[in-house]
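Below: one structure, written as structure tokens.
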Amino acid sequence: MGLIAREIEGRGIATISMSSAYSITAAVHPPRAVFLDYPLGHTAGRPGDADEQRRIMADTLDALESIDTPGTIRMLDYAWDEDEAWKVQERAGRQDARRERLEAPQYQHQADRLAAEAELARDGCPSCVFLQD
């Protein structure tokens with residue numbers, strides 16, 4: 001979503017991303033974002049809790065207006081559960097089968113690597129290789 005948000009911002013429309021996955025949000029560098037430490041799928045609040053959802057949306061819109069440093073991720077001050085039992089329940093019975101995250105870019109094909117390196121050399125933007133008009 002960071003690439004899409006940056007493209008929209010480049011056309012003069014302000015954006016804000018809402019996230020419950022901080023590391024992924026930080027990795028895609030959206031122009032501005034809010035982070036809510038809630039289970040995935042509940043980024044706008046608890047189901048059926050309209051008051052909390054309105055507060056979260058108001059805080060998000062406030063962040064849209066007040067964040068002035070690109071790349072800022074504002075932590076929203078809400079707690080799903082004091083003991084955060086949902087995090088344990090989310091992981092129960094599952095093994096993390098994802099590959100290790102690496103600092104160096106990984107490419108599926110050699111042609112992808114070459115295209116990204118050429119874009120970096122030309123414009124200094126390794127992630128913009130696929131944003132061609």
- Confirm whether ALA5 is under 30 Å from GLU103 (Cβ atoms), modelled with pLDDT under 95 and surrounded by fewer than 16 Cβ atoms within 10 Å (Cβ to Cβ). no
Taking the stretch 22-65 and keeping only residues that are among the hydroxyl-bearing types (Ser, Thr, Tyr) and in contact with a strand residue (DSSP E or B) (Cβ under 8 Å, 6 or more places away or on another chain), one is left with TYR22, THR25, THR43, THR60
Within the stretch 3-51, of all residues that are under 17 Å from ASP77 (Cα atoms) and of a type in the set (Asp, Glu), the one nearest to the chain's Cα centre (by Cα) is ASP37
Among residues of the stretch 24-65 being basic (Lys, Arg) and surrounded by fewer than 18 Cβ atoms within 10 Å (Cβ to Cβ), the residue modelled with the lowest pLDDT is ARG46
Output for Cβ contacts, cut-off 7 Å, separation at least six or different chains, first residue of a type in the set (Gly, Ala, Ser) in the stretch 59-85, second modelled with pLDDT under 90, reads GLY71/HIS29
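The values are calculated or read from the model by the stated rules, or taken from the named source; none is laboratory data. This one's a predicted model, so the numbers in the text were calculated from it and none came from an experiment. We place every Cβ from the backbone using ideal geometry, glycine too, and count neighbours over all the protein chains shown.
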